[in-house]
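Structure first, then comments.
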Amino acid sequence: MKRYIVLGLGAVLIGCAPEQEDEEPEPEPGDDSQPEEEEEPDADNEEFEALITDLDAPWSIAKTDDEEFFITERSGSIVHYDGEDVSREEVELEEEVWEEGEGGFLGMVFDPNHDDEAIVYHTYEDGSEVFNRIVTMERSDDGWQETDVLLDEIPGDTIHNGGRLAIGPDDHLYATTGDADVEELSQDPENLAGNILRMELDGSVPDDNPFEDSYVYSYGHRNPQGIDWAEDGTMFSSEHGPTGQDEVNEIEAGSNYGWPEITGDEEAEGMETPLFQSGDDTWAPSGAAFSGEDFYVAGLAGEELMRFDVEAEEMEVVLEDEGRLRDVMIEGDNIYVLTNNTDGRGNPEENDDRLLRLEN
């Protein structure tokens, strides 16, 4: 069955595309070619306000109840904005951040029970192997210090590390993991790669997880980088496809989302097809957030903030022409969007990268 995404008054048929990588390839060493010049972003743009500028390959937005922002940078630092001043805070980890390709210091979320404690996801190297780990950190006057390991030895690579963290409405921690460039791992529910994981805030396995003694909540994912919940508690994710066939999925416990056995609207017994998929277009969807019935997704290669009306199964573009977009957060009347033009795959302009605030 083919699905359609409605763009204004037109309809786009969703088809299939050959398998390739999620995003634009990084320049080869020694490549002196220059990207085409683009118009500089307008500092007085009426669409948005730039709250923070000059970020270095930022990845995730975290925010406290007292209106303070914390932005992770892939190299291994956290940028703090208190509404007036911006500072870059040091991070002390037991394992050094491995920043290669899509690996690095990625997702961050605050512990809802402790104002100065956060949970972070980062890539690291152990001998000749690359992994990801989830750890807790505490903030002090000296910066951030690791306090505990919740989960480590999650398969990693230069691509497909997942990395998004979120606290669900059930007060459990959810984490997305990629297939670490080994496609068959996604079809093995006993492996931590290519999954959405679920755990207690202390790192233990919940008794009601779908697989006994396992963190795996859903599997068959390629590289999911956005998760959030609708008002009724239904979970959704955004996921990178093989250039084209990017996905928005409705997530159910224990379900298999098909990678690499099926892509796009292909069907197979025991596997889920996406709610939306991009067909021949490439969104490279990353962070995601709900507002009412609308699921917002930040696009990297697509360079758009997209809004999906889940009920009507329609999509519209909310923000464009600001380059690669990595994360989105929505609170009340405000939409916060993180650009990602300095990650080696974009065309950074003056003041990139930035945290933008739009009206919802």
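Every number in this text was worked out from the coordinates using simple rules, so none of it is lab data. Since the model is a prediction, treat every value here as computed from it, not as a measurement. Please note: Cβ atoms are built from the backbone with ideal geometry, for glycine as well, and neighbour counts cover all protein chains shown.
Using the reciprocal of the averaged 1/r over all distinct C-alpha pairs, how large is the Kirkwood radius of the chain in Å?
Values: mean 1/r = 0.0492 Å⁻¹.
Across the chain, the inverse of the average 1/r is 20.3 Å.
Rounded to two decimals, what is Rg over Rh for the stretch 160-267 when you use alpha-carbon atoms and the Kirkwood radius?
Working: Rg = 12.8 Å, Rh = 13.6 Å.
Here Rg/Rh amounts to 0.94.
Exposure proxy check: 198, 357, 345 ranked by fewest other beta carbons within 10 Å?
Numbers: 198 23, 357 15, 345 20.
In increasing order of surrounding Cβ atoms, one gets 357, 345, 198.
Peptides 183-189, 247-253, 200-206: what's the order by average Cβ count within 10 Å, highest mean first? Walk me through the intermediate numbers first.
Working: 183-189: 18.3, 247-253: 20.0, 200-206: 14.0.
Most protected by this proxy first, the peptides run 247-253, 183-189, 200-206.
Please list 281-289, 58-66 highest first by mean number of surrounding beta-carbon atoms within 10 Å per residue.
On the way: 281-289: 26.3, 58-66: 18.8.
Going by the mean number of other Cβ atoms within 10 Å, highest first, we get 281-289, 58-66.
Can you give the percent of C-alpha pairs in the stretch 264-360 whose distance is more than 18 Å?
On the way: 2229 of 4656 pairs.
For the stretch 264-360, the fraction of Cα-Cα distances above 18 Å is 48 percent.
When the Cα centres of the stretch 47-122 and the stretch 169-214 are compared, how far apart do they sit, in Å?
23 Å
Can you sort 133, 324, 354 from fewest to most other Cβ atoms within 10 Å of each residue's own Cβ? Don't skip to the answer; put the middle values down first.
Values: 133 21, 324 27, 354 24.
Ordered by Cβ neighbours within 10 Å, fewest first: 133, 354, 324.
Which of 52, 167 has the fewest other C-beta atoms within 10 Å, and how do the rest follow up to the most?
Values: 52 20, 167 16.
Exposure proxy ranking, most exposed first: 167, 52.
Using the scaling law 2.2 N^0.38 Å as the reference, what is the normalised Cα Rg of the stretch 269-320?
Details: Rg = 11.6 Å, N = 52, 2.2 N^0.38 = 9.9 Å.
Relative to the rule-of-thumb radius for its length, the stretch 269-320 sits at 1.17.
Can you give the log10 of the normalised intensity I(q)/I(0) at q = 0.13 Å⁻¹, computed with Debye over equal Cα scatterers of the stretch 200-324?
Scattering profile of the stretch 200-324, log10 relative to I(0): -0.53.
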